[in-house]
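Here is the structure we will look at.
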Amino acid sequence: MTRGEKYNLKMGLLFVSPWIIGFLVFTVYTVGASFFYSFCDYDVLSKPVFIGLTNYTDMASDSVFWKALYNTLIFAFFAIPLGLVSSICVAILLNMPVSGRPVFRTIFFLPSLVPLVATSMIWLWIFNGKFGLLNYFLNMAGLPGPEWLTNEHYTKPALVLTVVWGIGNSVVIYLAALQEVPVQLYESADIDGAGFLRKILHITLPSISPVIYFNLVMGIIGCLQVFAQPYIMFGAGTGGPNRSALFYAVYLYENAFTYNQMGYACAMAWILFMIILGLTYMATMLSRKHIHYGE
Amino acid sequence: MLVFFFLVIGSIVFSTPLIWMVSTALKPIEQTMSMPPTWLPYRYFADINGKKMAIVPKVKIEEPSTAILLEGVNDGQIIPNTKLADQKGKYKILKDISADKDNPWSAVTLEKITGNENTTEQFFVPVKAVERTLCFRWSNFKEAIKAMKCFWMYLKNTLILCFFTVMGTVISSAFAAYGFSRIQWPGRDKLFLVALATMMIPFPVIMVPLYCLYRSLGFVGTPHPLWIGSFFAGAFNVFLLRQFFMSIPQTLSEAARIDGCSEFQIFMRIILPISKPALLVVALFQFMGTWNDFLGPLLFLTNQEDFTLALGLQFFQSQHGGTEWNYLMAASLLVVTPVIVLFLLTQKAFIEGISTTGIKG
């Protein structure tokens with residue numbers, strides 16, 4: 001190694017050192033400790049006691065755990081595709097030459113800026129069974145308005161709506177991707193006489209497929225960890241009627257900080273990590289054939 | 001034209017919750033509980049005992065009725081005349097109400113000037129004689145702040161945390177991003193991949209050890225855990241800045257090196273000044289992140305005086321929720337408004353920042 005190279009290595013590491021220290025303390029240490037705790041009985045107050053796989057086997061027979069997992073997966077199963085489709089639709093509309101585009105874009109984006117606590121408050125009020133706005137609209141349309149927050153069959157749909165309201169972020173990302181699609185592609189499609197739908201299916205969607213994949217992965221990570229809205233909207237961790245809105249992250253939090261079962265919470269976190277990795281892997285495999293990276 | 005139509009419909013759907021929040025925040029409480037809902041807040045007036053008074057409409061009466069007072073009961077009752085004969089016990093007739101479907105009456109109470117509390121004494125006036133004027137209850141904000149008890153404290157805590165986390169994030173991420181982009185050293189790009197990979201780790205995995213770590217330092221119940229981490233360059237921000245730093249021509253640095261500048265001087269005098277827009281984006285994201293964060297404060301803060309606005313709002317809701325919707329919406333609006341104003345002021349930088357995360361990622 002020449003003197004210059006040594007100097008560069010020294011300087012490089014020096015500049016990167018804030019990240020390296022943070023990485024060692026806040027990632028390497030915490031991930032390692034979390035993995036270790038997941039095999040321990042640990043209540044913070046006394047030292048962790050190694051108990052092998054007990055936390056994991058307990059989980060298998062914990063019906064509340066299964067309920068929380070089921071709730072989360074069902075929620076994700078609806079929220080992710082709905083969010084994906086609606087944000088792509090909005091982005092495609094916003095990418096068309098209409099007047100007032102910046103205004104529309106701002107309107108669609110604003111909800112994603114609203115702090116989750118405030119989002120939860122707003123939707124609690126809208127879903128209110130008696131004086132809520134949503135049921136008023138439903139009644140106007142001749143539909144019976146359910147008790148969104150106290151009927152166990154409606155708590156998850158309510159949360160899906162709350163989350164889909166905040167798609168603004170991904171709309172902006174899609175919009176940026178749409179603006180990079182080469183205009184020539186559309187022009188030659190026009191010459192070939194392709195219709196609107198054909199152009200969307202054969203040009204637009206393939207062109208933005210890497211971004212769709214990116215948002216899909218983000219959606220998986222985000223939806224499986226959803227915490228603030230269910231925690232706030234359904235009585236600080238009780239999980240709503242018949243625990244129908246008890247989500248994975250909420251139950252994990254409850255275990256750690258209400259029941260002081262830190263070991264069990266860590267084991268749950270690792271299972272969550274595995275599920276996220278598994279789903280991301282599946283998404284990657286499924287989309288591999290369909291992603292077109294530009295040349 | 002069709003596109004415009006769809007966009008208008010979509011915009012209405014997306015903005016309705018926000019408009020509804022603003023509308024509710026400016027209403028007196030009884031109007032939050034009216035069906036059908038009113039979009040604009042009103043104030044009602046009617047002639048009571050020959051004087052024009054501000055009133056609160058309570059019950060609509062649509063058939064000939066009589067207001068009576070049962071013996072031993074303080075509250076008056078309104079009994080339809082057809083059922084008056086069924087009324088058992090002694091009662092005093094207060095007033096005949098000659099209402100019918102076409103000419104409904106309203107049972108009203110006087111509005112106290114200060115706010116939502118009403119006197120309980122009922123009066124009866126024909127609906128036709130009630131006047132209505134638009135009136136925004138700006139006082140709801142004052143009341144909400146009073147009801148939240150520590151609002152100004154929450155605001156101060158939040159702003160202090162925002163300041164420290166923004167400083168920490170901008171400084172540390174700029175340093176790390178410089179090291180990851182402007183200096184060539186062996187292993188650099190592999191290490192950066194590791195940094196990117198850390199973004200995949202879900203927060204719940206590290207949550208417990210993080211809590212235990214801060215607990216052993218005696219920091220649980222203080223705001224320290226909420227800003228310390230920001231001084232250690234999070235991968236996301238490093239990624240954003242690296243993206244920008246790499247687009248700066250390498251020749252700039254080389255020229256400076258020939259002139260005898262150290263890396264630190266190049267960083268401070270050349271790279272940072274050019275990168276102001278990117279630094280602004282990182283600062284904005286961090287500000288919003290800290291302002292909006294709920295889980296962090298929930299984990300580490302235990303004393304109400306240390307709460308941030310987000311946690312304070314949730315605390316307020318858990319204590320008062322479900323009844324005073326106008327105050328809750330006013331409080332929410334107070335938490336939302338600064339973020340939205342900040343966004344509107346910096347919209348361009350903000351949108352560009354978000355676009356970068358998805359496209360070049």
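Since every read-out is calculated from the coordinates, none of them should be taken as a lab result. Nothing here was measured: the structure is a model prediction, and the numbers come from that model. Note that we place each Cβ from the backbone using ideal geometry, even for glycine, and neighbour counts take in every protein chain shown.
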Original post:
Given a Förster radius of 35 Å and the C-beta distance between B:D259 and B:L344 as r, what FRET efficiency does 1/(1 + (r/R0)^6) yield to the nearest 0.05?
Top reply: 0.25
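Would you kindly work out the equivalent ellipsoid of the protein assembly as shown from its C-alpha gyration tensor and give its semi-axes, the square roots of five times the eigenvalues, largest first in whole Å?
53, 31, 25
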**OP:** At 27 Å minimum axial length over the Cα atoms and a Kyte-Doolittle cut of -0.5, report the qualifying DSSP H helices in chain A, or say none.
**Re:** A:3-22, A:63-94, A:262-288
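So what is the orientation-averaged projected area of the range B:19-58, using the convex hull of its C-alpha atoms, in nm²?
On the way: hull surface 12.0 nm².
It is 3.0 nm².
Restricting things to alpha carbons, find the Rg to Rh ratio for the range B:144-359 using the Kirkwood radius for Rh. Provide the component values of the computation, followed by the final result.
Details: Rg = 20.1 Å, Rh = 19.3 Å.
Expressed as Rg/Rh, it is 1.04.
Let me check against my output: what whole-number percent is the relative contact order of chain A, with C-alpha pairs under 8 Å and at least 6 apart? Kindly include the intermediate steps, with their values, before the conclusion.
Values: 314 pairs, mean separation 81.8, N = 295.
That works out to 28 percent.
Which value, in debye to the nearest 20, describes the size of the charge dipole of the range B:221-340 about its Cα centre when Lys and Arg Cβ atoms bear +1, Asp and Glu Cβ atoms bear -1, and nothing else is charged? Before the final figure, lay out the partial values.
On the way: 4 positive and 7 negative charges, 71 e Å.
That gives a dipole near 340 debye.
Considering only the other residues whose Cβ falls under 13 Å of the Cβ of A:N71, what net charge follows from Lys and Arg at +1 and Asp and Glu at -1? Please list the in-between numbers first.
Details: positive: A:K67, A:K156, A:R243; negative: A:E152.
Combined, the nearby Lys, Arg, Asp and Glu give +2.
Going from the alpha-carbon gyration tensor of the range B:255-361, what semi-axes, largest first and in whole Å, does one get by taking the root of 5 times each eigenvalue? Spell out each step's value before the answer.
On the way: eigenvalues 328, 59, 25 Å².
Gyration-tensor ellipsoid for the range B:255-361: 40, 17, 11 Å.
Fewest Cβ neighbours within 10 Å first, please rank A:S188, A:S99, A:S209 accordingly. Write out the running numbers ahead of the final one.
Numbers: A:S188 12, A:S99 8, A:S209 16.
Lowest to highest Cβ neighbour count: A:S99, A:S188, A:S209.
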Subject >> Principal axis dimensions, chain B - Cα atoms, whole angstrom, descending >> reply: 103, 59, 33
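To the nearest 20 debye, what is the magnitude of the charge dipole of the protein assembly as shown about its Cα centre, counting +1 on the Cβ of each Lys and Arg and -1 on the Cβ of each Asp and Glu? Walk me through the numbers on the way to the answer.
On the way: 44 positive and 37 negative charges, 168 e Å.
Dipole size: approximately 800 debye.
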Original post:
Over chain B, what is the mean sequence separation of C-alpha contacts under 8 Å (at least six apart), divided by residue count, expressed as relative contact order in percent?
Top reply: 20 percent
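Just the ratio, please: alpha-carbon radius of gyration of the range A:62-288 over 2.2 N^0.38 Å, N its number of residues. Please report the intermediate quantities before stating the final value.
Values: Rg = 20.1 Å, N = 227, 2.2 N^0.38 = 17.3 Å.
Scaled against compact globular proteins, the figure is 1.16.
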Original post:
Got a sec? How would B:C150, A:C223 order by Cβ neighbour count within 10 Å, fewest to most?
Top reply: B:C150, A:C223
**OP:** Sticking with the crude label model, points 7 Å out along Cα→Cβ, report the distance from A:Y56 to B:L217 in nm, one decimal please.
**Re:** 3.2 nm
**OP:** Quick one: of A:K130/B:K95; A:K130/B:K142; B:K276/B:K348, which pairs are farther than 23 Å apart, Cα to Cα?
**Re:** A:K130/B:K95; A:K130/B:K142
**OP:** Arrange A:F227, B:F5 by Cβ neighbour counts within 10 Å, fewest through most, would you?
**Re:** B:F5, A:F227
Original post:
For the range B:123-209, with the dipole built from +1 on Lys and Arg beta-carbon atoms and -1 on Asp and Glu ones, taken about the Cα centre, which of B:G187, B:S139, B:M199 lies farthest toward the positive end?
Top reply: B:S139
Original post:
Add -39500 (n - 2.57) for each DSSP H run of 4 or more in the protein assembly as shown, then divide by its residues: what number comes out at 222 nm, to the nearest 500 deg cm²/dmol?
Top reply: -18500 deg cm²/dmol
**OP:** Sequence neighbours fewer than 8 away in the same chain don't count; with that in mind, list the lysines whose C-alpha is under 16 Å from B:K58.
**Re:** B:K27, B:K112, B:K128
Original post:
Mind checking the log10 I(q)/I(0) for the range B:299-360 at q = 0.20 Å⁻¹? Debye, one equal scatterer per Cα, no solvent, two decimals.
Top reply: -0.84
Subject >> chain B: angle of helix B:325-359 to the longest principal axis, Cα-based, in degrees nearest 10 >> reply: 30 degrees
Subject >> Rg [Å, one decimal], Dmax [Å, integer] - the range A:116-238, C-alpha atoms >> reply: 19.9, 60
